[in-house]
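Since every read-out is calculated from the coordinates, none of them should be taken as a lab result. Computed from a predicted model, the values in this text were never measured in an experiment. Every residue, glycine as well, gets a Cβ built from its backbone with ideal geometry; the counts of neighbours run over all protein chains shown.
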Amino acid sequence: MLITLGNTIGASFLGTVGACILFGISLVQAYIYYTNYPKDWLFQKLVVGLLIILDTCHLACTIHTTYYYTIEQFGNAQALGKIVWSFRVQVIFNVIIVVIVQSLYVHRVWRLGSRFSRIWPAIVIGILIAGSVVGLLLIYHTFKLTGWDDMHSATWVLYATFSTTTAIDVLLAATMCYYLNKSKSGFAKTHSLVVTIMHYVLISGALTSVTSVIALVTFVTMPNNLIFIGITFLVTKLYINSYVAMLNARNNIREDSSISVDIMNLRSGLTKPADTTMGSHSHIHSDDKPHKGESLQLSSMTYRGKDIDEESSDSKGGHVAMPHAGMIGIHVHKTEERRVEGDGGPWSPA
């Protein structure tokens, strides 16, 4: 393809504009997070703040890069052929942000998968370490380049970077969904809750992996222009947005996952949501005395995790795994239908 201002400086400019828009969305996401979750885990709040600070630095370098080529050195052919310092520095922030977000997802994989097997989560961690090494190589070769004409010498590391980033994103999403699926219980509402979480995981993984694939394809098919660089300017923003958006989705998932009911009128079947509490319990609320042959939903066993997943003891001394309970902070109730054997008689499973 013929090299033009449009597919070089123009691509960088459009990538910067897109990055500014996504950065604004990241700030809104962060504001929502700190407003709605003031009592969240301190480490989680610090990580979100750190990601925003790093992304601000990345955007500043991106803007300076575009300003340098479009304003300060516009028309200077010799200067346009050189790689400005801010472009090199933004690569550092890019790698750091991607590694941090992927590490947070790997932590979830470890917590979810360690109850089944530690081998596969350990493999995922090893792959992440390998990807981090590739990122360090990218930084090293970027600082070695003297001009855009030398880009061909770093072709292999660019291939490796885009490929490993995409592979890790796909692997993390697939692994989390696999372990979530294995953790599903036989209850329809709990099943629906897990499926909802899986949807969020798949969407967040798809956003980043598809962007990396597009950057790889544009570099392979058009290695002589800078369209792929404009796309890479968006990557860090998508990582942060997808991660913080998942944190902010916890309230919505919690509201949609109320399972237990209190029976207010056994004869008419009117119900209202039950109060949720910590621990494990069974409860029946009724204004009317139950009669023989009538049935109700007995709500029991409320679970609330403090971390990504937690085991809660049921009334028989067993354990019930509630995946991702900590991440979304959801109360899950087991319900079973019971029928009265006679007026004032005992309840038995229907």
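The phi torsions of the range 226-241, fed into the Karplus equation with coefficients 6.51, -1.76 and 1.60 and a -60° offset, translate into couplings of 10, 4, 5, 5, x, 6, 5, 4, 8, 4, 4, 5, 5, 4, 5, 4 Hz, rounded to whole numbers, with Gly and Pro shown as x. Pairs of lysines in the range 5-253 whose Cα atoms sit within less than 28 Å of one another amount to 6, provided the residues are eight or more positions apart or on different chains. When only C-alpha pairs under 8 Å and at least 6 residues apart count, what is the relative contact order of the range 5-253, in percent? With pairs under 8 Å counted, the relative contact order is 31 percent. Once you reduce the range 37-85 and the range 97-173 to the center of their Cα atoms, the two points are 20 Å from each other.
For residue 51, the shell of other residues with beta-carbons less than 13 Å away shows a net charge of +1, using +1 for Lys and Arg and -1 for Asp and Glu.
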